[in-house]
Amino acid sequence: MAEAASGHPPILELSEVAKSFGPVLALRSGRLEVGPGSIHALVGENGAGKSTLVKVIAGVYRRDGGGFRFRGADVDFGSTGESKNAGIAVIYQEPTLFPDLSVTENIFMGRQPTRSGRRIDYPAMYAEAERIFGRLGVAIDPRRIADGLSIADQQIIEIAKAISLDATLLVMDEPTAALSSVEAERLFTIARALRDEGRAVVFISHRLEEVFGLCDTVTVMRDGAYVGTRAIAETSTDEVVSLMVGREVADLFPKAEAAIGDVVLEVDGLTAAGEFHDIGLTVRAGEIVGLAGLVGAGRSEIARAVFGVDGYDAGSVRMNGVPVPPRSPRASIRAGMALVPEDRRQQGLVIDQSVARNVSAAIRGRLTTLGLLLGRAENRVAAPWAGRLEVKTSALDMDASTMSGGNQQKVAIAKWLATEPKLLIIDEPTRGIDVGTKSEVHRLLSDLAGRGMAVLMISSELQEVLGMADRVYVVCEGRITAELGRDEATPDAVMHAATHVGGHLAGATHADEKVLA
Amino acid sequence: MTDLLVRPTSESARQRLVKGALRSREIAVFVILVALIAVATVRSPNFLVGSDGWRDLLVTPSILLLLAIGQTVVIITRNVDLSVGSTVGLTAYLVGRLFVDQPGIPIVVVALIGMLFGAALGLVNGVLVAFGRVPALVVTLGTMYIYRGVFLEWAGSDRINAGDMPSGFLRLGTEQFLTIPVLTLVALVMLVIVGYCLRSLRWGRELYAIGSDPAAARLYGLPVTRRVLGAFVICGALAGLAGVFYAARYGTVSSGAGRNLELEAVAAAVIGGVAIFGGSGTVWGAAIGAFLLVTIDRVLPILGIPDFWQRAVVGGLIIGAVALDRVLSLRRERQLRQARDDARSGS
């Protein structure tokens, strides 16, 4: 292995780390060994336990068991402050900035340079921030507030934090998920520079081409446990994928053939300034249409505008040829649309209420007797749906919050199926759902399409899109950059369209093909 | 290039200062205050020019000034303290009792005891909010009634009269130093101290960070619990000092003392540009807001505006201030979005 070859003792050693939340075992036996001057990839499917492991390293969670050594000493961090003081900097999936404060204050909060009388030395602080930005090769005004920064620039601020901290270990949890290829490349340059200074970098990503382009070692996790560690030079994408998945990809996505009918949804020229431009798409009965792209490309925004949650500046939405008025979810529901949002807990469900109440929520108006809503009526409506979706819940009056992610998702879907929609828009259907339940959700979607429902599915998981969709639209920076049929939709084609607007950066295609094949 | 969305400003420090001043809420509110005083003075010269007029203009807001400072410290952390009015009443009564029960007690000692007592009441709020993780609005609404209840139980039908307190103490309410009333001077000193801490000390900046995004502050490793606790203690101590002022200024303390002051303090902060969701605003703005609120109360009758409309004007001012914030932030958001669009299409 790379760190053994370099002869240096590892900086970070985790072994047999376990962490559970109540009955849910998030991490069974995590293992990770990272040497100095190394960029170490940590890969695995969603729910494999990567983020939990990161949070143990960061001191957000305390591990239930296992060994944790940092720079040769046993450590047990009780807070993020302790890990930070020890020299660990973590960049989380979602940047955590203080929007009201200047970017400089965001970098130095709690560690500002001071003059006599413990007074903050603002000029020195701005100068230091400018120096760090110069080193990173970015031009950000150190006095501007953090609010309104693009995700890429927010990540730069996070890295600047790590540099000012002089961290020995830098952990990046899916930093490129929302970045364009240019922005990601800039990030890699920085990561390599940090590595060359002898720091250790842990890099988490779903994009294997990045892992193979940037890292020297890769550790694979599956279902909360360590699977294996390989030197990048001695392994292949095929090997890593098979370690990650542990089974054939085809089994996961049981899309059945369905008769494709008439056009149900027709979107034309939809534009909202700053969000998306000139979006045109159609979804037919019995068809599953994938909306692929990077996080932050504007896919959810398009879905929300189509459904009428948000407004748009130009364009039209038609259901079965009839225009749907903008900004009116009620009208959209009447026209036969349903939207299962990405964030189940916040937007999809009333998490502290019963399954029955959740399922019947969207059709509540129809269930009233003399204006009163009876629990019996709710249960009557909910029971068949919960049965059909195999929601594993002992009783319909159980709180949605106590169920697993997969079952919550089924309840969220059931709620909309109760409105008998013609079009189901579903945003990230399997995010945060364990692998077993994932295929149940997929089978359900496939079933619905088979019965003639039109499905518009937003997904960041390439395999999901490729496995499920009859047709794929790829969104990049608010524009549709490709429309691909099932046969044309290869990982290459989708990833290329997702990172390139209007044929820019065509030269990069070659590299993509090599690593994605 | 697509990746550089923000370029460093090429303006000089002076330009930045001028631009910042034009946008500053503090200056906008200050201009309104000055205009108000000017109008009142034209209508009735005694409002400003007479020695009483000058003194009243400065001394009347001093109690609200202290409360607005304390409230700002708490609001910045995305909390609120509704119990300060009751703290003022309770402390004012304690001060009176001290003079009655311990004749000859030094005034400085009484002032210190008042502040400590207020700080202790603030600590109770802080503990409940920081450790109980209960919203501050609910906690301090509860302690507002509890502190008021304790006051009623303790005082009974008793009240403190001017005769109960030493004349040296009561003179504080009217005494001046270089034409500036002593109470105002003390309040301004507090303002400068707190203003300095919030701007230039680490813990002061951490209060802003906590209010700006509490979850991020915890993830970042800031001592959130301790800082929130501290904010409530400062607010309580300043409310305690305000109680001492109350006794000195009015001479009598009855069970209604300090009622509704908590809402005026919140109003002063909001008018002065302190965001109710935390993270931004200064004590300077809140202080000017306090002056404006108290002065409006005194100016509107001079202008012959009926009672009902006086209240409505204050209400309008608050809603106007919040609406202005909203409009400005929406505009900024649009500009940033536009900038991002331009950067993209320019690629």
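The values are calculated or read from the model by the stated rules, or taken from the named source; none is laboratory data. Bear in mind the structure is a predicted one, so any value in this text is a computation, not a measurement. Cβ placement follows ideal geometry from the backbone for every residue including glycine, while neighbour counts extend to all protein chains displayed. Side chains are part of the model used for accessible areas, which takes the heavy atoms of the whole protein and leaves out ligands, DNA and RNA. Shrake-Rupley method; radii C 1.70, N 1.55, O 1.52, S 1.80 Å.
Remarks
- A:Val441 satisfies every condition listed in (1) farther than 25 Å from A:Gln93 by Cβ; (2) modelled with pLDDT of 80 or more except (1).
- Of all residues in the stretch A:209-234, those satisfying the criterion of being surrounded by fewer than 20 Cβ atoms within 10 Å (Cβ to Cβ) and among the aliphatic types (A, V, I, L, M) are A:Ala225, A:Val227, A:Ala231, A:Ile232, A:Ala233.
- Residue check for A:Glu33: in a loop (DSSP other than H, G, I, E, B) and either over 13 Å from A:Val17 (Cα atoms) or over 25 Å from the mean Cα position of the chain (by Cα) (or both): no
- Meeting the requirement of 2 or more residues that are open to solvent by 50 Å² or more (accessible area, probe 1.4 Å) and not assigned by TED's automatic domain parsing to the domain that holds A:Val34, the helices (runs of 4 or more DSSP H) wholly within the stretch A:104-204 are A:122-136.
- Test result for A:Gly59, surrounded by fewer than 17 Cβ atoms within 10 Å (Cβ to Cβ) and either within 11 Å of chain B (Cβ to nearest Cβ) or of a type in the set (S, T, N, Q) (or both): no
- Just one residue in the set A:Gly286, A:Gly274 is open to solvent by less than 50 Å² (accessible area, probe 1.4 Å) and farther than 15 Å from A:Val455 by Cβ; that residue is A:Gly274.
- Residue within the stretch A:235-244 that is over 30 Å from A:Asp313 (Cα atoms), open to solvent by less than 10 Å² (accessible area, probe 1.4 Å), modelled with pLDDT under 85 and more than 14 Å from every other protein chain (Cβ to nearest Cβ) present: yes
- Meets criteria (more than 24 Å from A:Ser102 (Cα to Cα) and either touching a helix residue (DSSP H, G or I) at 6+ places or on another chain (Cβ under 7 Å) or open to solvent by less than 10 Å² (accessible area, probe 1.4 Å) (or both)) for B:Ala216: no
- One residue stands out among those in the stretch B:271-293 that are farther than 25 Å from A:Asn106 by Cα and either β-branched (Val, Ile, Thr) or out of contact with any Asp or Glu (no Cβ under 7 Å at 6 or more places or on another chain) (or both): the one that is surrounded by the most Cβ atoms within 10 Å (Cβ to Cβ), which is B:Gly289.
- Condition check for A:Leu194: at pLDDT below 85 and hydrophobic (A, V, I, L, M, F, W, C): no
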